[in-house]
Amino acid sequence: MPDSIEQAKRALRADLRERRQILSAHAREIAEGGVKEQLDALVERLGARSISCFLSTTTEPGTHAFVADAVARGIRVLLPITREDGLLDWAVATPDADIAEGLFGLPEPVGDVLGPIAVNDVDLLVIPAAAVDRHGMRLGWGRGYFDKTLGSMEKCPPVYAVIFDSEFLDDVPRDVHDQPVSGVVTPTRTVLIDDSPA
């Protein structure tokens, strides 16, 4: 029943979006610091030298401080750029990169664009999510960009979704094209999901 799955996803996304919008500026600031600490430790633990990471919107757990610091430490960071065809291009993050509003109002880098296969060379993917369940199934925001990216990679490195603590759920509605993640990063912890494929 694909329609009932889609309805369940829509309802859950609406609830999660509303919860994110009522967070205070102070709570967001604390969350960004926690996410940076968790991601720094994860990169260190995995020995990652090349990663992909998204630039967070104002309602997502913040990633900007993490990206800036990773670049300053000499880690190659690829940032996603949305395309009309549902695929992602990539740009290498630089300390002085301009950020503009992308296709769906998302913050995206301005600069030299690398094609979709550029992400095949990273040691770690850090991706956005609305929620993740304890089996590693990720609920995205409905456009399918990261599901397509993960589904097309020949050899997928570890994939961690960044969410708030309350968005790590027992179950999320899933469809056949939905791709699982290896783990989650929240402002307070990093969880490796044992039954994920990566």
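Which pairs have Cβ atoms under 7 Å, sit 6 or more apart or on different chains, and link a residue in region 41-61 that is loosely packed, with under 14 Cβ neighbours inside 10 Å to one that is in a loop (DSSP other than H, G, I, E, B) and at pLDDT 95 or above?
Taking only residues 6 or more apart or on different chains, the pairs are Arg49/Ile75; Arg49/Asp123.
Within region 39-51, does at least one residue satisfy the condition of being of a type outside the set (Asp, Glu), over 19 Å from Phe168 (Cβ atoms) and under 13 Å from the mean Cα position of the chain (by Cα)?
Yes - at least one qualifying residue is present in region 39-51.
Output the residues belonging to region 1-14 that are surrounded by fewer than 12 Cβ atoms within 10 Å (Cβ to Cβ), over 19 Å from the mean Cα position of the chain (by Cα) and without any contact (Cβ under 8 Å) to a residue 12 or more places away in the chain.
Of all residues in region 1-14, those surrounded by fewer than 12 Cβ atoms within 10 Å (Cβ to Cβ) come to 1-4, 11, 14.
Of the ones still in play, those that are also over 19 Å from the mean Cα position of the chain (by Cα) are 1-4, 11.
Selection gives Met1, Asp3, Ser4, Ala11.
Would you confirm whether or not region 66-75 contains a residue that is part of a loop (DSSP other than H, G, I, E, B), open to solvent by 40 Å² or more (accessible area, probe 1.4 Å) and under 29 Å from Leu16 (Cα atoms)?
Kept after step one, since they are part of a loop (DSSP other than H, G, I, E, B), are these residues of region 66-75: 73-75.
This time we only want the ones that are open to solvent by 40 Å² or more (accessible area, probe 1.4 Å), so: 73-74.
If we keep only those that are under 29 Å from Leu16 (Cα atoms) as well, we get none.
No: region 66-75 contains no residue that is part of a loop (DSSP other than H, G, I, E, B), open to solvent by 40 Å² or more (accessible area, probe 1.4 Å) and under 29 Å from Leu16 (Cα atoms).
What are the residues in region 1-21 that are of a type in the set (Val, Ile, Thr) and out of contact with any Lys or Arg (no Cβ under 9 Å at 6 or more places or on another chain), if any? Working first, answer last.
Our first condition is that a residue be of a type in the set (Val, Ile, Thr); within region 1-21, this holds for 5.
Residues satisfying the conditions do not exist here.
Kindly indicate whether any position in region 54-63 is part of a helix (DSSP H, G or I) and either in contact with a helix residue (DSSP H, G or I) (Cβ under 9 Å, 6 or more places away or on another chain) or not aromatic (Phe, Trp, Tyr) (or both).
Start the filter on region 54-63 by keeping residues that are part of a helix (DSSP H, G or I), which leaves none.
Within region 54-63, not a single residue is part of a helix (DSSP H, G or I) and either in contact with a helix residue (DSSP H, G or I) (Cβ under 9 Å, 6 or more places away or on another chain) or not aromatic (Phe, Trp, Tyr) (or both).
Could you list, in sequence order, all residues of region 15-31 that are touching a residue at least 24 places away in the same chain (Cβ under 8 Å) and open to solvent by less than 50 Å² (accessible area, probe 1.4 Å)?
Passing the criteria: Leu16, Arg20, Ala31.
Within the set of pairs 6 or more residues apart or between chains, which connect a residue that is within 17 Å of Asp121 (Cβ to Cβ) inside region 74-93 to a residue that is in a loop (DSSP other than H, G, I, E, B) and among the acidic types (Asp, Glu) with Cβ atoms less than 8 Å apart?
So the pair list comes out as Ala91/Asp112; Val92/Asp112.
The values are calculated or read from the model by the stated rules, or taken from the named source; none is laboratory data. Everything numeric here is computed off the predicted structure, so don't read it as measured data. Backbone-built Cβ (ideal geometry, glycine too); neighbour counts: all protein chains shown. To get the accessible areas, we keep the full protein, side chains included, count just its heavy atoms, and leave off ligands, DNA and RNA. Shrake-Rupley method; radii C 1.70, N 1.55, O 1.52, S 1.80 Å.
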